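K.L.:
What follows is a single structure, and I will ask about it in a moment.
Just so you know, all these numbers are worked out from the coordinates, no wet-lab data involved. These numbers come from a predicted model, not from an experiment. All Cβ positions, even for glycine, are placed from backbone atoms using ideal geometry, and neighbour counts span all protein chains on display.
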Amino acid sequence: MLIIVANVLVLIITLILLYYVSSGAPYLPTTDKNVLKMVKFAGMKRGQKILDVGSGDGRIVIAFAKAGAEAHGFEINPILVWMSRRNIRRAGLQGKAFIHFVNFWKRDFSPYDLVIVYQITHLMKKFQKKFEKELRPGTKILCNSFFLPDWKEEKKDKPLFLYTKMKGKNSTATGK
Ligand SMILES: C[S@@+](CC[C@H](N)C(=O)[O-])C[C@H]1O[C@@H](n2cnc3c(N)ncnc32)[C@H](O)[C@@H]1O
């Protein structure tokens, strides 16, 4: 009986892990050094709306809010949502930094001026399609570690890649 229960538990945990990995990257925070680099690299203007797609413990949202953005994060893990909201309160950034407990695939990215992505290789093509469909021309996309497979970046300083959504089709990458 105990073996059956243990097997069922392992199966449930495996299914949950599979769901997480297929819908987005597991939690791996950006280093503090790279968070600071991102704020400078993105060239964001004060008052702009930024989005961290899969916001983890909220460190990027907090850094951009401190730099003058209206910063939003989408996060699916309830523990990380709780932690990041607590971190925002501790930093005194209520009203400037916001964490939404959502699956980012179900949300529209069009309201944002800068979209930040630290996800996983096999999902970058899917993100590229979502950006092509939803983002307004002029929107910046900042990718950490994993690049958009077919778009030419505006600038790069590994592990960061910065893109601008064009009015027509984005120019094609010629190799990384
Ligand atoms: C590599 S971590 C990046 C965390 C944070 N952006 C940073 O750079 O420190 C990826 C995050 O995406 C979240 N995530 C994965 N799939 C998601 C989904 N479908 N919707 C919302 N968040 C998701 C994970 O829970 C995790 O916190």
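K.L.:
I'd like to verify a number: residues in the stretch 103-117 that are over 16 Å from Pro149 (Cβ atoms) and surrounded by 16 or more Cβ atoms within 10 Å (Cβ to Cβ), how many?
P.N.:
8
K.L.:
Restricting to the stretch 23-63, name every residue that is β-branched (Val, Ile, Thr), outside any helix (DSSP H, G or I), within 10 Å of the ligand (Cβ to nearest atom) and crowded, with 18+ Cβ neighbours inside 10 Å.
P.N.:
If the condition is that a residue be β-branched (Val, Ile, Thr), outside any helix (DSSP H, G or I), within 10 Å of the ligand (Cβ to nearest atom) and crowded, with 18+ Cβ neighbours inside 10 Å, then Thr30, Val53 are the ones that fit.
K.L.:
Also, I was wondering about something else. If Gly73 meets every condition in (1) closer than 16 Å to Tyr163 by Cα; (2) surrounded by 20 or more Cβ atoms within 10 Å (Cβ to Cβ); (3) of a type in the set (Gly, Ala, Ser) apart from one, which number is that one?
P.N.:
Every listed condition holds for Gly73 apart from (1).
K.L.:
Just one of Leu80, Leu93 is closer than 17 Å to Asp52 by Cα and not in a loop (DSSP other than H, G, I, E, B); which is it?
P.N.:
Unique residue meeting the criteria: Leu80.
K.L.:
Another question, then. Which members of the stretch 121-151 meet the condition of being surrounded by fewer than 16 Cβ atoms within 10 Å (Cβ to Cβ) and either part of a loop (DSSP other than H, G, I, E, B) or of a type in the set (Phe, Trp, Tyr) (or both)?
P.N.:
If the condition is that a residue be surrounded by fewer than 16 Cβ atoms within 10 Å (Cβ to Cβ) and either part of a loop (DSSP other than H, G, I, E, B) or of a type in the set (Phe, Trp, Tyr) (or both), then Arg136, Pro137, Gly138, Pro149, Asp150 are the ones that fit.
K.L.:
I've got another one for you. Kindly provide the set of residues from the stretch 103-123 that are away from the ligand (no atom under 13 Å from the Cβ) and without any contact (Cβ under 8 Å) to a residue 40 or more places away in the chain, ordered by number.
P.N.:
Asp108, Ser110 - these are the residues of the stretch 103-123 that are away from the ligand (no atom under 13 Å from the Cβ) and without any contact (Cβ under 8 Å) to a residue 40 or more places away in the chain.
K.L.:
Follow-up. Kindly check whether there is at least one residue in the stretch 100-119 that is under 17 Å from Phe161 (Cβ atoms) and part of a helix (DSSP H, G or I).
P.N.:
The answer is no; no qualifying residue exists.
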